[in-house]
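What follows is calculated from the coordinates using simple rules that are stated; it is not laboratory data. This one's a predicted model, so the numbers in the text were calculated from it and none came from an experiment. No Cβ is skipped: glycine too gets one built from the backbone with ideal geometry, and neighbour counts run over all protein chains shown.
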Amino acid sequence: MSKNTTNQIKVSDKKLSIDQRGSLINRVVNSCFSGSDLHIEMLEPIFAITVMQMLTDREPITTKTTIDDKEVDIIDYNATYEMIEDEDIIGQIQNAMYHKYQGYLEELHSDVVESLEYKKSQVLAQTTSVSDSIILSVTNVIDSVRKMVETFDPSQYKDIIELAKNANKFNVTKNDFINSIVKNLPKKEENKAEVKNSSVDNVTPISSPVGE
């Protein structure tokens, strides 16, 4: 399908300022991420729409939505990108800037891609760090539980479960939970009769509710 170039646009005769250039790059890069998830398919549409907004007099197509019980206008990205492609707006910008700023859009796009790759590496590093921390924490807990099983009387598992419930209820840390178990549960070598008659009520609590 041929592109419609009859709707001419006015293109800026100046490059973006340093602040504007940074704003364009940040907007495109941030729009490609949802949390730690990269949506690379958004790169070209957001880049084209942002370039159009910052270098021409053409406004994006908007649609209405409700935010906090208020009706507001937001950019309809699909409709706007279709308009850009149909009217070859990027081509018009390139032609208008060709003699004075040849290759300018390619330069902007390269900066965006470079920044996107940098942010992607940062997000990956942070995600890997968090994952490693979780794995290490779980491993430590498993090791601690294994040591408890080796050290304490198996008849006291019910007490361990009760302590775990209290730890979860009062947001007690893993270390406090383990230390409390080590401190309170009877050892194998202790008198069996004493162990049998002991009660969870006699165990020093891991934590107390706020306000008690």
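In the stretch 71-132, what trypsin sites (Lys or Arg not before Pro) fall in a loop by DSSP, with at most 11 other Cβ atoms inside 10 Å?
Details: sites: Lys100, Lys119, Lys120; in loops: Lys100.
Filter output for the stretch 71-132: Lys100.
Going by a ≥ b ≥ c, the root eigenvalues of the Cα gyration tensor, does the stretch 18-126 fall in the rounded group (a/c under 1.5), the prolate group (a/b larger than b/c) or the oblate group? Because a/c hits 1.5 or more and a/b fails to exceed b/c, the stretch 18-126 counts as oblate. The label point for Glu44 and the one for Asp86, both projected 7 Å from the Cα toward the Cβ, are 1.8 nm apart.
Past the 18 Å Cα-Cα mark, which pairs from Lys15/Lys120; Lys10/Lys100; Lys15/Lys100?
Numbers: Lys15/Lys120 27 Å; Lys10/Lys100 15 Å; Lys15/Lys100 10 Å.
Going by Cα-Cα distance, Lys15/Lys120 fall outside the 18 Å limit.
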